[in-house]
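First up is the structure itself, then whatever we jot down about it.
Readers should treat all values here as calculations from the given coordinates under stated rules, not as data from a laboratory. All values derive from a computational prediction rather than experimental measurement. With ideal geometry, Cβ positions are generated from the backbone for all residues, glycine too; neighbour counts draw on all protein chains shown.
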Amino acid sequence: MKVYASKVDRWLIVVFVLSIAASLAGLVMVVMAGQPQQIALSALPMVLGIGLPLWLLRATHYRLDDRELLIVSGPFRWRIAVVSIANVVPTRSALSSPALSLDRLRIDYGQGRSIMVSPLERERFLRDLDAVRAKQLGKTAR
């Protein structure tokens, strides 16, 4: 199994840092107010505002083996059978996706489905994916 880290744009790091800072500032304000009910009510948004950006930065990657592409982005997972991949094209779409950069690849698969990824080592990812696809297509043709 090969693992490919996601490329990360600087602007996204700034957005994540601002989200974390705002969440920490909110947490400090709630704790200083000293009302246990407010602390309890604000716990989930604080955890999401701090934890989710960190989780996404730490755990967004793509794994390729002989049968499937596993896309991991924080708590989210997608499994795509390599034989179902119809097309891979570069894109700079800003639509939501498990990609931490706008330097993306759109993977078309299945019945009209697509997903975007942003491997740091784009050429190696494409080369390895092409090799696995060729191997799989060769197996299914026999």
About its Cα centre, how strong a charge dipole does the chain have in debye, to the nearest 20, once Lys and Arg get +1 and Asp and Glu get -1 at the Cβ?
460
Calculate for the chain the 222 nm mean residue ellipticity that helices alone would give, adding -39,500 (n - 2.57) per DSSP H run of length 4 or more and normalising by residue count, nearest 500 deg cm²/dmol.
-16500 deg cm²/dmol
Based on alpha-carbon centroids, what's the gap between region 93-135 and region 31-63 in Å, whole number please?
29
Sorted peptide list for 91-98, 28-35, criterion being average Cβ within 10 angstrom, highest first
91-98, 28-35
Show me, for region 117-126, the HN-Hα J-couplings you get by feeding each phi into the Karplus relation (A = 6.51, B = -1.76, C = 1.60, θ = phi - 60°), rounded to Hz, glycine and proline as x.
10, 9, x, 4, 9, 4, 5, 5, 4, 4
Would you mind computing, in nm to one decimal, how far apart the modelled labels at Val3 and Val89 are, each placed 7 Å from Cα along Cα→Cβ?
3.2
Let me check the size of region 1-108 from its C-alpha atoms; what are the radius of gyration and Dmax in Å?
17.9, 57
Once you put a point 7 Å from the Cα of Ile20 and another 7 Å from the Cα of Leu44, both along the Cβ direction, what distance in nm separates them?
2.4
Tell me which of Leu56, Pro75, Gly138 sits at the most positive position along the dipole axis of the chain, charges placed on C-beta atoms (Lys, Arg +1; Asp, Glu -1).
Gly138
Taking only C-alpha pairs under 8 Å that are 6+ residues apart, what is the relative contact order of the chain in percent?
26
Percentage relative contact order, region 8-57, counting C-alpha pairs under 8 Å, at least six apart
47
Rounded to the nearest 20 debye, what is the charge dipole size of region 62-141 about its Cα centre when +1 sits on each Lys and Arg Cβ and -1 on each Asp and Glu Cβ?
120
Residues in region 52-69 reached by a label modelled at Ser96 [backbone nitrogen below 17 Å; 7 Å Cα→Cβ]
52-57
Taking only C-alpha pairs under 8 Å that are 6+ residues apart, what is the relative contact order of region 62-141 in percent?
25
Around Ser101, with a cut-off of 11 angstrom between Cβ atoms, what is the net charge of the other residues, counting Lys and Arg +1 and Asp and Glu -1?
+3
Say each of Leu70 and Val31 gets a label point 7 Å from the Cα, pointing the same way as Cα to Cβ; how far apart are those two points in nm?
3.6
